[in-house]
1. Taking the 0 to 90 degree range and rounding to the nearest ten, how far is the long axis of helix 478-492 tilted relative to the main principal axis of the chain, both from C-alpha atoms?
2. So what are the ³J(HN,Hα) numbers for the stretch 499-508, from phi and the Karplus equation (6.51, -1.76, 1.60; θ = phi - 60°), rounded to whole Hz, Gly and Pro as x?
3. Could you state the number of Å between the C-alpha centres of the stretch 114-176 and the stretch 354-409?
4. With every protein chain left in place and a probe of 1.4 Å, what is the accessible surface of Arg541, to the nearest 10 Å²?
5. Once the whole set of protein chains is in place, how much accessible area is left on Thr354, using a 1.4 Å probe, in Å² to the nearest 10?
6. Classify the stretch 257-307 from the C-alpha gyration tensor, please: rounded if a/c falls under 1.5, else prolate or oblate depending on whether a/b exceeds b/c.
7. With a/c under 1.5 counting as rounded, go ahead and sort the stretch 253-387 into rounded, prolate or oblate using the C-alpha gyration tensor (a ≥ b ≥ c being the square roots of the eigenvalues; past the cut-off, prolate if a/b is larger than b/c, else oblate).
8. Between Asp288 and Lys593, what is 0.36 nm times their sequence separation minus the Cα-Cα distance? Round to one decimal in nm.
Amino acid sequence: MCGIVGAVARHDVTNFLLESLHRLEYRGYDSAGLAVTDNQGSIQRIRRVGKVQALQDAMIENPITGRIGIAHTRWATHGEPTEQNAHPHVSEHIAVVHNGIIENHESLRIMLIKRGYHFISKTDTEVIAHLTHWEQLYCGGSLLEVVQRVISQLRGTYGTVVMDSYSPELLITARSGSPLVIGCGIDENFIASDQLALLPVTNNCIFLEEGDIASVTCNIIKVFDKYGNDVKRTEIKLNTKYDVSDKGVYYHYMQKEIYEQPLAIKNTLKNRLRYGSVDLSELGEKADLILAEVEHIQIISCGTSYHSGIVARYWFESLIGLPCDVEIASEFRYRRSVVRKNSLIITLSQSGETADTLAALRLSKKNGYLGSLAICNVASSSLLRESDLALLTKAGIEIGVASTKAFTTQLTVLLLLVVNIGRLHNISNQIVQDIIQALQVLPQRIEQILSMDLGIADLAEDFMDKQHVLFIGRGDQYPIAMEGALKLKEISYIHAEAYAAGELKHGPLALIDANMPVVVIAPNNTLLEKLKSNIEEVRARSGLLYIFADINAGFNNSVGMRVISLPHVEEIIAPIFYTVPLQLLSYYVALIKGTDIDHPRNLAKSVTVE
Ligand code: M6R
């Protein structure tokens, strides 16, 4: 959620810190701040409400420099987005940035107030700064020992970096529940909550593990595990290439990422669809031992990734007869659920750092599941590292907060997985061939939709003044209706809800009148006639229909009914195909409304807090 960076070098680090904050801005963007220890050994700090650019402008007016520093871009949890609440938080010579939530901050705050500390902010983070100061002043020891004692008193989650101007060559960083990576340079080292921040300066990274604490100077990095043991964490060479300024010909990352989908899907299929069969040998030798045993699948995910899970349930059950349940991770983790016999946990996540999904995975390990399989877009993510089996979506970095290509590539991988698991569960040859043939033409089908973008842009004006929109679909298009509604509300701030079309008459029909747009997803499938009846229910109540329909579905424009005729598509990939026009619709509605498409209000790309 928030973005953290730190640097220690033999030269001024402020430019690096600012540039990195820009790269992390997609993680949180309601305020930003930076602190350095200057050449006189004092902490200099600047914070601003709003985007990193506001901080950068302030630093042009009041330049500060230092060879060691920390910086932060915030997504508010405790305390509104104000300058006082922005990080870094300072307690005399101690400065702290923090990502996560300190759950016992109230009791620590009371204790620290009794000890004479005066709190400036409403954040939970400020307790870390004062506690560090107190521990150092009254109990002493090295900064590492001090921070070790501090974190032993914290409950909750944190990725944190502590700077002490009395130790002007040393940063201490600690991870528990919020990711942290150390970037290894030559005579300079860096810390970040996301490897993207480090790419301009180094590809060599050390990912901290849960409970790790590290001391970082220009040329020495020492990592200690949660028991205080000096441990060696492997240095990894990243081969990610990313230029944050590179939107190419597009206005927004979201737009770029929508148009990248044919390529993202091709990359996801590469070397996995070969000689007319699916090859997921990358899962490793132990995979078949687990997958052959599977009698039930439990999918856990959040947001858009949850919607791909619901589509997958249709596929697992209808194509290979494997029972499948799907649950939102934040519910699953706090519910006593019954573990079915030989149940495989599948987690779906773009980032692989979503706190609820990770917590659900960790919980499942204690509950006797057969094993876990993660489908994720970030190779170095915690989710992939902590799962028994892993499949990478190869969408490329997704920057837009609204997830697009990560969703369609997740669905692509899920179809490959259906074949792979199905192979061990008597899947019919015909179904395998249907899936493979459909996947082969999928990039081309999406190109077809993308070429219709102007027609979809045309529709957007009809939505710009609306307060509410309903999305309906049936069968495996119901989760696509959910995804369409999520995209619209997320970036255009229009209230949108999705219903299984057959459910309208059980309540939502009461909402229908001449002001209520109803977006319908209408492929030419076995449920079409049923869907047509639901459409008539809306028409009879003067609802405004926008029907994304298969060209052969037999719809025509008429009063109150606008039909967007789409090319015929193979039934199996129809959920992926129909997602794209809904993404375009949301994008164009938001464009007309002038919202901040890549940084929608109140949201952040990677939800690393509960
Ligand atoms: O990184 P994840 O896929 O685990 O993220 C889950 C959700 O936070 C995410 O899909 C969110 O709903 C998107 N902003 C939707 O566009």
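The values are calculated or read from the model by the stated rules, or taken from the named source; none is laboratory data. What you are looking at is a predicted structure, and each value in this text was computed from that prediction instead of being measured. Reconstructed Cβ throughout: ideal geometry from the backbone, glycine too, with neighbour counts over all protein chains shown. Surface accessibility is based on the protein's heavy atoms, side chains included, excluding ligands, DNA and RNA. Shrake-Rupley method; radii C 1.70, N 1.55, O 1.52, S 1.80 Å.
1. It works out to around 50 degrees.
2. Whole-Hz 3J(HN,Hα) from phi for the stretch 499-508: 9, 5, 4, x, 8, 3, 5, 8, x, x.
3. 31
4. The value for Arg541 is about 110 Å².
5. My reading of the accessible area for Thr354 is about 20 Å².
6. Values: a/c = 3.03, a/b = 1.21, b/c = 2.51.
The shape class here is oblate.
7. oblate
8. The Asp288-Lys593 span can extend by a further 104.8 nm.
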